[in-house]
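What follows is a single structure, written as structure tokens, with notes after it.
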Amino acid sequence: MGISCSPLRYPGGKNQMYATVRHIIETNHLRGCHYVEPFAGGAGIAVRLLLDGVVNEITINDYDIAIYSFWHSIVHDTADFIHLIERTPITINEWYRQKDIYTNTDMHTALELGFATFFLNRTNRSGILNAGPIGGFSQNGNYTVDCRFNKLRLTELIKKIAEQKDYINISNIDAKNLIDTFECKGSFFFIDPPYFNKGKKLYANYFEYSDHEELAQIIESALENTPWIITYDICDEIRNIYSNRIAETLLLKYSLQSKKKASEFMFYNKVVV
């Protein structure tokens, strides 16, 4: 598994792809580029590439207002976010309070929503925001709600990310619109859409078949001369949508409820992989 530079735990997170993505960037003489993730989620690869000096600038985009609020808060409201980490107890009672904030987004500030998102991500099973707490509501499991919430480590990581805020762009628009309107010169896109088969179970903003088709059409048109890679769960529907592309098969190892290996498609443009 790759070393995560993201404060978020993310279902299907691609941290272990870091070496692959870095190799593609360096092999294709793209070092120092503007790295773009239209479906950023945990953005572990983006953040690590920036911290390692492989890329000069990153764009983190997520259409989920909760995920966007998290990234916006740690980059632009860092001190207050860290203060919340330091003063907030990691208990099941606090879980209920943060769940209420997350559920009632319109009643809270971006900082409050961003922190609630972070809290639930760190305390829920597998980091899934609509899952229940680690250890269950009775907290009688092998692990308890605070076992993935190392305040010191997470605070130091957030500080390190915030130090690079001048080189981090954060947006909250539809990924298809971002791709269609982005000034592409000098950029490299890593596109990681919601899973085709399990997206509805994992993500607040999942795609229907028509969304996947439309995304492919926009990528082919707007990024015709731009280097990009896109990853997907393996299924016939996705292979048909990208039938004009060579399909590389990636073997990934990740955990949702249990450790397991899985294969995924990777399609690409204007790069040697």
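Worth a mention:
- Note on the range 168-188: among residues that are among the polar types (S, T, N, Q) and not in a helix (DSSP H, G or I), the one that is farthest from E86 (Cα to Cα) is S187.
- Qualifying positions in the range 47-67 - open to solvent by 50 Å² or more (accessible area, probe 1.4 Å) and of a type in the set (S, T, Y): Y63
- Criterion violated by N61 - all others in (1) out of contact with any helix residue (DSSP H, G or I) (no Cβ under 8 Å at 6 or more places or on another chain); (2) in contact (Cβ under 8 Å) with a residue 24 or more places away in the chain; (3) among the polar types (S, T, N, Q) satisfied: (1)
- Residues of the range 143-167 that are in contact (Cβ under 8 Å) with a residue 12 or more places away in the chain, in a loop (DSSP other than H, G, I, E, B) and among the aromatic types (F, W, Y): F149 alone.
- Some residue of the range 20-38 being buried (at least 20 other Cβ atoms within 10 Å of the Cβ) and either within 19 Å of L154 (Cβ to Cβ) or charged (D, E, K, R) (or both): yes
- Restricting attention to the range 109-129, the residues that are open to solvent by 10 Å² or more (accessible area, probe 1.4 Å) and free of Cβ contacts under 8 Å to residues at least 24 places away in the same chain total 2.
- Scanning the range 161-170 for residues that are in contact with a strand residue (DSSP E or B) (Cβ under 7 Å, 6 or more places away or on another chain) and either β-branched (V, I, T) or closer than 22 Å to E224 by Cβ (or both) turns up I168, I170.
- When the range 1-20 is limited to residues that are in a loop (DSSP other than H, G, I, E, B) and of a type in the set (S, T, Y), the one that is modelled with the lowest pLDDT turns out to be S4.
- There is at least one residue in the range 204-221 that is surrounded by fewer than 18 Cβ atoms within 10 Å (Cβ to Cβ), within 24 Å of N240 (Cα to Cα) and of a type in the set (G, A, S).
- Scanning the range 93-106 for residues that are open to solvent by 30 Å² or more (accessible area, probe 1.4 Å) and closer than 19 Å to R125 by Cα turns up N93, Y96, R97, K99, D100, Y102, T103.
- Verdict on S73 being polar (S, T, N, Q), crowded, with 17+ Cβ neighbours inside 10 Å and at pLDDT 95 or above: yes
The values are calculated or read from the model by the stated rules, or taken from the named source; none is laboratory data. Everything numeric here is computed off the predicted structure, so don't read it as measured data. No Cβ is skipped: glycine too gets one built from the backbone with ideal geometry, and neighbour counts run over all protein chains shown. Heads up: the accessible areas ignore ligands, DNA and RNA and are worked out on the full protein's heavy atoms, side chains in. Shrake-Rupley method; radii C 1.70, N 1.55, O 1.52, S 1.80 Å.
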